[in-house]
Amino acid sequence: MYKRQELLGGFRGDEVSAAQRDPDAYPTILSADVDRNDGPALSSRADNAYGLIEIPQGEGMGEIEIDGFALKGTYEGMTVRSEAYFTLRRCSVSECVNLMPASFFSGGIESFGGARIESCELIGNVGFDIRLFGAPPSNRSQLLNSSLSANTSFGNLVELGIGGEVISSVIAFNRVGNDSKTCLLYTSPSPRD
């Protein structure tokens, strides 16, 4: 059984320990733009990858932490999708596009095992949702010290399972549904319950 698994970004290349990395000075970019041809038009992203990180549920997975990455450019898919609990820390998520509003798997971050999103910046995404469904009564899902701005969501921008929390986070200047002045925080049980 793994007690903890870490995916760490922010290395310059000559460090001898993870404590020496600096994600702000040395960003590690995970880009879905596999052909390196994204332009300002959303249509230029049609050949991008559907997702960047997928975490399956498995026996003995333990704690999973993703720290210090810039996640960019997914098209018509999930940027991060997980069946297990994970932590996304000191990451930015930008330029992700999902133009299929009727799709259950809208673009963004989704976890059916719950998640902690901490000190992250989510900016300039289209068709973007955060869905964190931990199992009640022990749901540990949190949006903590993070900012969400200039995103467009066709559903609920942030959807947390029962017991989920939004703590010290800025959620501003987002477009939700057809209302350009409202950001909706919605708490519901998991759609799998």
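Of note:
- The one condition from (1) over 16 Å from residue 87 (Cβ atoms); (2) touching a Leu at 6+ places or on another chain (Cβ under 7 Å) that residue 118 does not meet is (1).
- Of the strands (runs of 3 or more DSSP E) lying entirely inside the stretch 1-87, those containing at least 2 residues that are among the hydroxyl-bearing types (Ser, Thr, Tyr), open to solvent by less than 60 Å² (accessible area, probe 1.4 Å) and at pLDDT below 90 span 78-82.
- For the stretch 108-120, taking the residues that are open to solvent by 10 Å² or more (accessible area, probe 1.4 Å) and part of a loop (DSSP other than H, G, I, E, B), the one that is modelled with the highest pLDDT is identified as 119.
- Qualifying positions in the stretch 126-145 - modelled with pLDDT of 90 or more and either within 22 Å of residue 42 (Cβ to Cβ) or assigned to a loop (DSSP other than H, G, I, E, B) (or both): 145
- Residue 123 being of a type outside the set (Ser, Thr, Tyr), surrounded by fewer than 20 Cβ atoms within 10 Å (Cβ to Cβ) and at pLDDT 85 or above: yes
- Those residues of the stretch 146-193 which are at pLDDT 85 or above, assigned to a strand (DSSP E or B) and open to solvent by 40 Å² or more (accessible area, probe 1.4 Å), in sequence order: 165, 166, 167, 170, 171
The values are calculated or read from the model by the stated rules, or taken from the named source; none is laboratory data. What you are looking at is a predicted structure, and each value in this text was computed from that prediction instead of being measured. Positions of Cβ are generated from backbone atoms using ideal geometry, with glycine treated the same way; all protein chains shown enter the neighbour counts. Just so you know, the surface numbers come from the protein's heavy atoms only, side chains and all, with ligands and any DNA or RNA stripped out. Shrake-Rupley method; radii C 1.70, N 1.55, O 1.52, S 1.80 Å.
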